[in-house]
């Protein structure tokens, strides 16, 4: 079975401090993907095209790192997996990001505040007026002797709200005691996923599940 997780967003950012982490990440870029039974560094050559639905359409996505994925191949016997992010717009992707990476190669943290402000300007002025975030899972595998593809697409009008909603849904499970266990756990490893999605839907997230048979060849 192979699994891809990807997201695309169009958001309005108010303060440069909100994107400092993104600026800093370019100086230590790391994006491992799992293929052929092992993790390996991902590069721009590992970009994939993802259909995000009617708002974003099909976009090229590039690998990023997400530590929660590290033990997923073992748990679910995956052949390949990775987390991917779509770009923002032509100016941010092909002008701002390359220049930011070049400056970070010269010195880590160089012009940090300047690049944060430039990134916000590009996102706020050149990405369209309507805010939106789409987060999806795309999986392929065998069920009942047939190949199937499953896509779970979560969509919301606010990236800020979408960041908080899964946390609130998780806290509901923790407060009622259903996911209280000894030790330190990552949120995605301990929640009941069906209940999580149901609670997210009740808090305004549009969730669509698509299942399709895959033909050979």
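In this structure, does residue 163 turn out to be out of contact with any helix residue (DSSP H, G or I) (no Cβ under 8 Å at 6 or more places or on another chain) and either exposed (fewer than 11 other Cβ atoms within 10 Å of the Cβ) or without any contact (Cβ under 8 Å) to a residue 40 or more places away in the chain (or both)? In short, yes.
Against the list (1) touching a residue at least 60 places away in the same chain (Cβ under 8 Å); (2) over 18 Å from residue 122 (Cα atoms); (3) surrounded by 14 or more Cβ atoms within 10 Å (Cβ to Cβ); (4) under 14 Å from the mean Cα position of the chain (by Cα), the condition residue 47 fails is (1).
With a requirement of 1 or more residues that are in contact with a helix residue (DSSP H, G or I) (Cβ under 9 Å, 6 or more places away or on another chain), the strands (runs of 3 or more DSSP E) lying completely within the stretch 4-55 that satisfy it span 32-35, 38-41. Taking every residue in the stretch 137-151 that is at pLDDT 90 or above and pairing it with any residue that is not in a strand (DSSP E or B), at least 6 positions away or on another chain, the pairs with Cβ-Cβ distances below 8 Å are 139/1; 140/1; 141/1; 147/215; 147/216. Screening residue 64 against (1) farther than 30 Å from residue 185 by Cα; (2) in contact (Cβ under 8 Å) with a residue 24 or more places away in the chain; (3) in contact with a strand residue (DSSP E or B) (Cβ under 7 Å, 6 or more places away or on another chain) leaves a single unmet condition, (1). Can you find even one residue in the stretch 180-187 that is surrounded by 13 or more Cβ atoms within 10 Å (Cβ to Cβ), touching a strand residue (DSSP E or B) at 6+ places or on another chain (Cβ under 7 Å) and closer than 22 Å to residue 67 by Cα? No; the residues of the stretch 180-187 include none that is surrounded by 13 or more Cβ atoms within 10 Å (Cβ to Cβ), touching a strand residue (DSSP E or B) at 6+ places or on another chain (Cβ under 7 Å) and closer than 22 Å to residue 67 by Cα. Residue 132 meets all of the listed conditions (1) within 17 Å of residue 12 (Cα to Cα); (2) loosely packed, with under 13 Cβ neighbours inside 10 Å but one, namely (2).
Regarding residue 125, is this residue free of Cβ contacts under 8 Å to residues at least 40 places away in the same chain and touching a strand residue (DSSP E or B) at 6+ places or on another chain (Cβ under 9 Å)?
On the way: free of Cβ contacts under 8 Å to residues at least 40 places away in the same chain: yes; touching a strand residue (DSSP E or B) at 6+ places or on another chain (Cβ under 9 Å): no.
The answer is no for residue 125.
Scanning the stretch 188-217 for residues that are under 19 Å from the mean Cα position of the chain (by Cα) and touching a residue at least 60 places away in the same chain (Cβ under 8 Å) yields 188, 189, 208, 210. Of everything listed in (1) touching a residue at least 60 places away in the same chain (Cβ under 8 Å); (2) more than 23 Å from residue 165 (Cα to Cα), the single unmet condition for residue 114 is (1). Residue 183 meets each of the listed conditions (1) assigned to a loop (DSSP other than H, G, I, E, B); (2) at pLDDT 90 or above apart from (2).
Regarding residue 55, is this residue closer than 26 Å to residue 124 by Cα and surrounded by fewer than 18 Cβ atoms within 10 Å (Cβ to Cβ)? Before the answer, list the steps.
Numbers: closer than 26 Å to residue 124 by Cα: yes; surrounded by fewer than 18 Cβ atoms within 10 Å (Cβ to Cβ): yes.
Yes.
The values are calculated or read from the model by the stated rules, or taken from the named source; none is laboratory data. What you are looking at is a predicted structure, and each value in this text was computed from that prediction instead of being measured. Here the Cβ is made from the backbone with ideal geometry for all residues, glycine too, and neighbour counts use every protein chain on show.
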